[in-house]
1. Say the cut-off is 23 Å between C-alpha atoms; which of LYS36/LYS135; LYS44/LYS334; LYS36/LYS140; LYS135/LYS294; LYS240/LYS289 go over it?
2. Residues of the range 212-256 with backbone nitrogen within less than 13 Å of a virtual label 7 Å along the Cα-to-Cβ line of ASP265, please, listed as ranges.
3. What is the extension gain from LYS294 to LYS135, computed as 0.36 nm multiplied by their sequence separation minus the C-alpha to C-alpha distance, in nm to one decimal?
4. Under a 10 Å cutoff between Cα atoms, tell me which one of ASP153, ASP251, ASP198 has the largest fluctuation in the Gaussian network model of the chain.
5. Per-residue ellipticity at 222 nm for the chain, helices alone: DSSP H runs ≥ 4 residues times -39500 (n - 2.57), over residue total, nearest 500 deg cm²/dmol?
6. Would you order THR161, THR314 from fewest to most other beta-carbon atoms within 10 Å of each residue's own beta-carbon?
7. Take HIS373 and LYS144, extend 7 Å from each Cα along the Cα→Cβ direction, and tell me the distance between the two endpoints in nm.
8. Tally Lys/Arg at +1 and Asp/Glu at -1 over every other residue whose Cβ is under 14 Å from the Cβ of THR150; what's the total?
Amino acid sequence: MTNSSIGLIRGIAPLALLALSNPVQAATATTSDFGKMPNGEAVKEVKLTGNNGVSVVLITLGATIQAFNVPDKNGHVADITVGYDKVSSYIDAPNYWGQTIGRYANRIANGSFKLDGKTYQLTQNDGTNSLHGGKEGFDKRNWKLASVKTNPDGTVSATMTLRSPDGDQGYPGNLDVTVVYTLDDSGSLTMQYSATTDQPTIVNLTNHALFNLGGNGWPYGTYDEKLTIPASRYTPINDKLIPTGELRAVDGTVFDFRNGRMLYDGVRDGSDEQIVLAHGWDHNFVLDKGHTDKPELAARLEHAQSGRVLEVLTTAPGLQFYSGNFLDGTLLGKGNVVYRMGDAVALEAQLFPDTPNQPNFGSAELDPGQTYHRTIIYRVSTQD
């Protein structure tokens, strides 16, 4: 057994044992209205609760994780994600805070790509780039709540669906998308994404939660947290935050998270041009595991003071680590908290940015008759 395996088992044990000590309880799911869209359509809320004290609030607007409530090592519960308290804020001041991202997560250079010899122009919402699906990406849609149920294994789940029509934001093909959120009693929230198309298209779905293990509004931001990413290479960027195509070794740089790195260590290191370009970390890491059939570890975030641990597991080959560089104090979030630079971080499991324009990154194509699949797990625990 490796040291990393021992660390994972130690981290999971407290919440898992708590669940086992309450065998008569079971995870529960409740549904209510979160608010209304401008056209009067209801935005539904689903709360999934495990018997270990972990609960997740989902809303259909953006198929979003609105809250992720997790006990610390002393049993005190806090929401470890940023977000808003009401629908109007998600609409009037949109941001990528817990939403499902699509049709293509991350950046596409100049908002264009070629597929089968044809050039497609996407909406541009990040300078000349298309970011996270364009101006009206999946994060801004009110998804359909297809089902909420208790499963035979004792887990609870919510299923949301979306139809993205041919030409949506410039993407070809009618795309039918499903995301299933499942919470168990040992601290794992599993997201299973699937999609089908009637024309060749590109797909790259992820969740864009921003985490602070100290809790929403923790005064020290995330700089007192430790991050591990099992990646020996990353994709450096140009001044438009588009990968250059290079797969650069992390050895000897502030991009080496393989043995764990405190987030204060490197985020302001102006001797590294990549930190200057992105105002911190906003880079894709090439996971050593590559693309896998079953979810494997992509990141581990630890907060010593609370004892909270978050592990991200995925089938995807890449992980975008974003250190909250553009949280500028102008947005008022949950509980009237002002979010400032570094107050939360994103760990986005994904294909590499701009893959449709960079053949050495692989393929993002989905064809008729195929089904797109991706699994992401957010696994929370505590340690002393």
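1. Pairs exceeding 23 Å: LYS135/LYS294; LYS240/LYS289.
2. Answer for the range 212-256: 224-229, 252-256.
3. Residue separation times 0.36 nm, minus the Cα-Cα distance, leaves 54.0 nm.
4. Checking each option, the largest mean-square fluctuation is seen for ASP153.
5. -2500 deg cm²/dmol
6. THR161, THR314
7. That separation, rounded to one decimal, is 2.4 nm.
8. Net charge in that neighbourhood comes out at -1.
Bear in mind these aren't lab numbers, they're just calculated from the coordinates by the rules spelled out. Everything quoted here is computed from the prediction, not taken from an experiment. Reconstructed Cβ throughout: ideal geometry from the backbone, glycine too, with neighbour counts over all protein chains shown.
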